[in-house]
Amino acid sequence: MDNKVLKLATNNNLAPILLKTKMHIPKTRQTVISRPRLMQELDQGFKNKLTVITAPAGYGKSTLAGEWANKGDFPVAWVSLDYGDNDSLRFWNYVIASLEIVKPGISDRVQSTLRLVNQSPEVFITVLVNELCNVSHDFCLILDDYHAVKDDFVHNSLSLLIKYLPSCMHILISTRTKPPIPFSRFLIAGELIELTFRELRFTTYEISNLFKQKDVELNGEEIERLEFSTEGWPAGLQVIAYSLCHNKNKKGYMSILDMNNQHIVSYFAEEAFHMWPESIRGFLLQTSVLEQLTWELCEAVTGRKDGRYILNELVESSAFIIALDSEGNCFRYHHLFREFLYGYLLAEKKYNLLTLHRLAGEWYENNGDIPEAIDHFLKSNDYVKAAKLIQSKWAYLIQCKDMKTMSDMIEALPCAIVEENPELCLLHAWTLALSNSKSFFYSMEQAGKRLDKAEELCRGSNCKLSQEACSRLLGEIAMARAKISSPNIHEMLAHMRVADRHLPEGSSLVRSDVQINLGLPQLLRARYLQRRAGELQQAAACVQEMQKIIDRIGQGSLAGWSLEVNGELAYEFNDLEGANRLLLSSMREAEKTGEVGIVIPGMLNLARTSLARGMMDEAFELPEEAEKKAQEFSVLHWLPVIDSFKVRLALETGDAGYISRWEKENNLVIYDRLSEGIEYQLITLVRVLLFEGKLDRAMLLLSRLLDFAENEERILSTVEILNLQAIAYREQGKAEKAIESLERSLALGEKDGCLRIFIDEGRSMVKLLETLTKRQGEVIQSSEGKVSSSYVSKLLKLTKDFVLSTVSNSGEQDSQRPIKVLTERETEALRLLAEGLNNSEIARKMVVSVNTVKSHTANIYSKLMVKNRAQAIKRGRELGII
């Protein structure tokens with residue numbers, strides 16, 4: 001296998017294994033029909049950024065690209081793609097490796113940023129482009145069979161590369177279907193050459209040459225009929241030519257040519273197959289279960305000793321096998337021919353399909369390709385063997401295979417096998433939790449169920465593990481629960497204590513260089529303190545004990561986590577300077593250890609603190625940075641939370657356009673299933689509905705959220721929801737109900753000294769508190785308990801001060817100061833600003849130049865006495881202009 005694989009450096013000790021043959025330019029056969037007109041098109045395309053060859057199967061895309069690449073006097077990086085490349089890391093690993101021919105050493109320099117390619121590939125593409133800009137000569141990257149790629153991450157990252165393509169680089173893509181890449185602007189700019197089936201189909205002249213090469217003499221009428229019936233489809237014509245060269249009966253020609261395309265393919269594929277001796281036909285059928293062919297693998301599957309000879313004979317005699325390397329060691333069947341062979345294998349039932357897959361699996365296992373071995377064992381229904389491989393090679397698989405694929409492998413096993421094996425249940429839980437999919441919370445829920453099953457099996461009377469192995473597994477299960485299942489500090493500590501008892505030598509899972517994200521996006525509420533915000537000292541003690549346990553059984557640090565929680569608490573207690581200091585410290589600690597679960601909430605809490613301190617630029621910049629981090633580290637479950645946070649900022653500035661787009665794109669509805677993971681987004685939706693005046697829908701969702709928060713004892717969430725309910729009741733004119741909800745939230749908040757959760761509601765809270773203070777008495781009684789008038793007075797003062805500070809920071813002036821009246825056109829421009837349009841879009845709407853729009857905007861800022869767009873929109877709403 002050494003001459004067929006390539007290992008690239010990665011962050012792990014184990015490198016991804018790449019097939020060298022996927023990066024070899026196919027050799028040009030002497031029998032290939034010369035197509036100078038297409039060579040000229042490709043030569044012309046090389047002067048531009050991009051060439052795209054789009055045509056159905058059998059139009060000679062790969063053959064054409066390979067011939068052109070072999071004839072060129074410039075370096076060519078080639079990648080033959082397949083359906084296994086639907087993963088951005090795997091795709092770009094191959095591309096980087098292929099580019100070694102252009103720029104030796106590029107793998108080492110680019111590989112460290114490859115993990116950044118998921119979802120947001122800007123950083124990785126920037127590094128890659130900068131490296132390629134230093135190439136002193138023109139070169140081409142050819143991506144063959146790109147239709148096999150369906151992954152949006154790959155499409156997006158490739159689009160970025162094309163957009164910023166260095167002048168020395170050209171890309172050629174061959175594909176059956178047009179990929180979702182914005183080609184139109186390259187076409188308009190004259191930077192794209194596109195070849196389709198219309199250009200690739202054989203001309204009359206090329207058809208004539210093909211049949212002459214096969215020693216088949218056809219007259220002009222027969223060639224015309226053949227061209228008409230096949231529409232110049234090269235693969236069909238190759239089948240016909242191959243069949244006719246063995247048919248010496250001239251009378252049979254016309255009946256062959258009269259068949260329609262579909263029948264031509266099926267008929268002549270079968271005819272070409274049956275012309276081989278029985279021994280070779282058997283070889284073809286047996287090896288049709290393989291995607292790639294080497295003589296050693298073929299001999300293992302067929303039990304023959306002449307695999308090299310047969311492959312060479314097939315290459316020399318057949319149009320349906322393709323060499324994948326220049327040495328002639330690795331091949332594949334033409335896709336259509338393999339489909340025919342596999343269908344024939346299933347129909348004939350001469351060979352046992354399961355046995356063929358089992359033999360292939362054994363060969364791959366013996367040669368170290370574990371993922372391929374598992375795939376074939378699964379196809380052979382040898383689930384026991386597949387399960388044993390997964391169990392014994394889990395560390396290798398976790399580091400060399402993406403988590404989604406690993407999870408799929410386990411899920412392909414029968415439930416009975418998985419649910420009877422505690423180790424498989426545990427591994428499945430880890431792969432689910434580490435998959436970083438957008439269905440994060442569903443995956444976590446399923447992971448929890450697998451852990452429950454694993455523990456049940458370990459503790460059951462029928463457990464076949466030794467007492468020592470069972471104890472160790474219970475420790476690993478407990479550590480998994482602490483790492484991926486529980487957001488509550490006391491529950492996490494309890495699980496870690498169990499793990500500490502059972503794992504005296506440490507956790508192999510935690511020490512396998514698998515990075516775990518401790519943070520769950522229950523954002524902007526001190527995670528440990530959902531039940532009571534006053535347990536800071538107890539929480540700090542818990543964190544210290546957890547750190548000691550981690551030092552003994554695993555790796556990592558909780559210092560950043562502790563600082564982040566203290567920062568959240570400082571914010572809630574209105575110590576904004578302290579919150580800022582603690583949150584910055586937590587992020588510095590987290591960046592040392594790579595804990596994204598601290599960095600992202602830390603950024604958002606910093607943004608919230610900046611907003612409270614009147615630092616608007618920082619408040620808006622930090623969520624953008626958080627989004628980049630989430631995409632960079634592929635923790636996609638944070639993205640909806642970040643989006644919701646940005647919407648809350650938009651609500652502060654009255655950016656109706658942004659708010660409307662978020663509401664449409666997120667597809668949240670008031671009847672969504674409630675969970676901790678979606679609570680923050682749904683509370684944000686409530687705020688949007690209140691902003692839009694949709695009070696009935698807001699009240700319905702608030703009722704559902706309140707029931708959920710109270711049942712789950714989520715105290716701070718309950719306070720926020722009650723505050724919003726009070727605001728909504730007030731908007732509906734239901735003053736008594738508004739005060740009732742406010743009194744409940746105040747009673748809960750006073751018990752724990754909560755401040756910011758009230759202050760952040762701004763003017764609406766001031767009006768509610770002012771109404772409440774008009775009531776008599778030193779103590780207010782609510783269904784949640786008593787509320788002191790001193791607490792209410794303190795909140796009222798702090799909230800008023802906050803409102804006044806935001807007025808000052810936003811450039812708003814005393815209402816008695818005169819505001820110059822906007823002109824009709826300035827008012828129109830302000831309304832378009834509020835819709836979220838940029839200057840160019842406003843110019844098109846108003847049918848004026850961009851400079852005129854800028855002039856209108858400057859006048860608006862001056863007349864409204866504001867400094868930026870957000871302030872202008874907010875001021876315009878307050879004055880009733882928009």
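FYI, it's all coordinate maths here, none of it is from the lab. Computed from a predicted model, the values in this text were never measured in an experiment. As a convention, Cβ positions derive from the backbone with ideal geometry for all residues, glycine included, and neighbour counts pool all protein chains shown.
In plain terms, the residue of Phe377, Phe228 with the fewest other Cβ atoms within 10 Å comes first and the most crowded comes last, giving Phe228, Phe377.
Taken along the Cα-to-beta-carbon direction at a fixed 7 Å, the label points for Thr204 and Ile417 span 6.0 nm. Label sites at Cys168 and Asp82, each approximated as a point 7 angstrom past Cα along Cα to Cβ, lie 3.3 nm apart. Between Asn711 and Tyr671, the contour length at 0.36 nm per residue exceeds the Cα-Cα span by 12.6 nm. Take the Kirkwood radius over Cα pairs of segment 5-200, plug it into Stokes-Einstein at 4 °C and 1.567 mPa s, and you get 76 µm²/s for translational diffusion. The tail of the calculated P(r) for segment 824-878, taken as Cα-Cα distances beyond 14 Å, holds 44 percent of the pairs. Listed values for segment 734-741 are Karplus-derived 3J(HN,Hα) couplings in whole Hz (6.51 cos²θ - 1.76 cosθ + 1.60, θ = phi - 60°), namely 9, 4, 5, 5, 4, 5, 4, 5, and x replaces Gly and Pro. Given their separation in residues at 0.36 nm each and the Cα-Cα distance between them, Glu591 and Glu824 gain 78.7 nm when the chain is fully extended. Note on Arg308/Asn381: beta-carbon distance plugged into 1/(1 + (r/R0)^6) with R0 of 30 Å gives a FRET efficiency of 0.50.
Arranged from fewest to most other beta-carbon atoms within 10 Å of their beta carbon, Ser790, Ser644, Ser107 become Ser790, Ser107, Ser644. Here the label points at Leu700 and Lys71, each 7 Å from Cα along the C-beta direction, are separated by 6.7 nm in the simple model. Counting neighbouring beta carbons within 10 Å and listing from fewest to most, the residues Asp801, Asp87 come out as Asp801, Asp87. Quick one: dipole size for segment 613-661, taken about the Cα centre, charges +1 on Lys/Arg Cβ and -1 on Asp/Glu Cβ, in debye to the nearest 20. In total the dipole reaches around 180 debye. Shown is the FRET efficiency for Thr771 and Gln732, computed with R0 = 22 Å from the Cβ-Cβ distance and rounded to the nearest 0.05: 0.90. Rounded to 0.05, the FRET efficiency of the Arg109 and Ser279 pair, given R0 = 45 Å and the Cβ-Cβ distance, is 0.30. For Asn352, neighbours were defined as the other residues whose beta-carbon sits under 14 Å from its Cβ, and their charges (Lys and Arg +1, Asp and Glu -1) total +2.
Coupling constants for segment 233-245 follow from the phi torsions by the Karplus curve (6.51 cos²θ - 1.76 cosθ + 1.60, θ = phi - 60°), and in residue order they are 5, x, 5, x, 5, 5, 4, 5, 4, 5, 5, 5, 5 Hz; glycine and proline get x. Stretching Glu100 away from Glu122 to a fully extended chain increases their span by 5.8 nm, per 0.36 nm per residue minus the current alpha-carbon distance.
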